[in-house]
Amino acid sequence: MVEIACDDAIGADIKSCLTRHLEESGYVTVLDDRPDWVFSIIAFHHANLVELSVVLRRFFRSTAPGTEIVKAGGHDQEMMRSGGWVL
């Protein structure tokens, strides 16, 4: 998913360009429904420049809160389960 916070039309251009390039790579499908990753972008148009703040977030999927934590490979160390989602 690509999220853009911008009061200017440049926000739509950023979203369109980023989405197109991600999908053209052949490794990424951009969806708005239950994404695994989210690009959260804040854009400010300043004179002839655009300033960006970009955060890339990964969601963890799990049907029950707290079950995204597992014991690592037979050890006592806890770690995040690969691909959990807290509902």
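Values in this text are rule-based calculations from the coordinates and carry no lab data. Treat the numbers as computed from the prediction; the structure is a model and nothing was measured.
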Exercise. What ³J(HN,Hα) values, in whole Hz, does the Karplus curve 6.51 cos²θ - 1.76 cosθ + 1.60 give for the stretch 25-30 when θ = phi - 60°, with x put for Gly and Pro?
Worked result: 5, x, 9, 10, 10, 8
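Quick check: residue separation of Ala9 and Ser40 times 0.36 nm, minus the Cα distance between them. What number comes out in nm?
9.5 nm
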Seminar exercise, completed: Full extension between Phe59 and Leu31 adds, at 0.36 nm per residue less the Cα distance, a length in nm of 8.7 nm
